[in-house]
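First comes the structure, then the notes that go with it.
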Amino acid sequence: MSETNGHGNGPPQPPQGPKRRPKQRPADRPRHGKPSPIKLSQVEPGVFELVHPPCIDEVDLDYQEAMEMWKAGEPEEARDALRFALEGCSDNIWIHAALGELALKEYRDPRLAMGHFGYAFELVHRAIPPDFAGKIPREIPANRPFYDALQGLIACLRAVGDAREADRLQKMQDSLR
């Protein structure tokens, strides 16, 4: 008795692994799939602020304590506290921006930093409609962590030699201010 390919005909087929998609740069990624927990709210015509998920309030004290640890010269403790806070709110872009800054400034690891900055960027990027023509000013406090993450991502891209993508993201940033 011979085995079949699962459909009752032919020889068994080797298992197929996941299909790899070509690597996409942050600004090229499609904006479909899981919706972002971050939303846009118009504060005046053409001017928007980010609306963050409610869980950020629940971990704010942990975030503040972590930032105090970092200021006190304890980057490892700050990193651990920020990671703990992420467990309570994984989509908190303040925390991702801070972890990116820690990775870049304290550990000199632009690739690790790029992961945190890139994730925060993606959360906001998915919230922005493709035909968006408004402004998301940095001066609005709720928008600041997006710009911190975007500037960090740009710095990381330059550090790893991807000036072209860094320039593209810089243009995007300039158009949103």
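The tail of the calculated P(r) for the stretch 88-176 beyond 14 Å holds 62 percent of all Cα-Cα pairs. Among MET114, MET67, the order by Cβ neighbours within 10 angstrom, fewest to most, reads MET67, MET114. Exposure proxy ranking for SER41, SER36, based on other Cβ atoms within 10 angstrom of each Cβ and starting from the fewest, stands as SER41, SER36.
A simple charge model with +1 on the Cβ of Lys and Arg, -1 on the Cβ of Asp and Glu and nothing else charged puts the dipole of the stretch 47-177 at about 780 debye relative to its Cα centre. The local environment of TRP70, defined by Cβ-Cβ distances under 9 Å, has a net charge of -3 under the rule Lys, Arg +1 and Asp, Glu -1.
Mind sorting PHE121, PHE84 by how few other Cβ atoms lie within 10 Å of their own Cβ, fewest first?
On the way: PHE121 27, PHE84 14.
Ranking PHE121, PHE84 by Cβ neighbours within 10 Å, fewest first, gives PHE84, PHE121.
Just to confirm a number: summing +1 for Lys and Arg and -1 for Asp and Glu over residues other than GLU87 whose beta-carbon lies under 15 angstrom from that of GLU87, what do you get? Combined, the nearby Lys, Arg, Asp and Glu give -4.
For the stretch 88-176, what's the relative contact order in percent, using C-alpha pairs closer than 8 Å and at least 6 residues apart? If you can, show how the numbers build up before the last one.
Working: 95 pairs, mean separation 28.5, N = 89.
Result for the stretch 88-176 is 32 percent.
Tell me, what is the FRET efficiency for LYS39 and GLU87 to the nearest 0.05, using R0 = 22 angstrom and their Cβ-Cβ distance as r? Could the numbers behind the result be given before it?
Details: r = 23 Å, r/R0 = 1.04.
The computed FRET efficiency comes out at 0.45.
Between GLU68 and ARG164, the modelled labels are 4.8 nm apart [label points 7 Å from Cα along Cα→Cβ].
No lab work stands behind these numbers, since they all come straight from the coordinates. Remember, it's a predicted structure, so these values are computed and weren't measured experimentally. Using ideal geometry, Cβ is built from the backbone for each residue, glycine included, and neighbour counts are taken over all protein chains shown.
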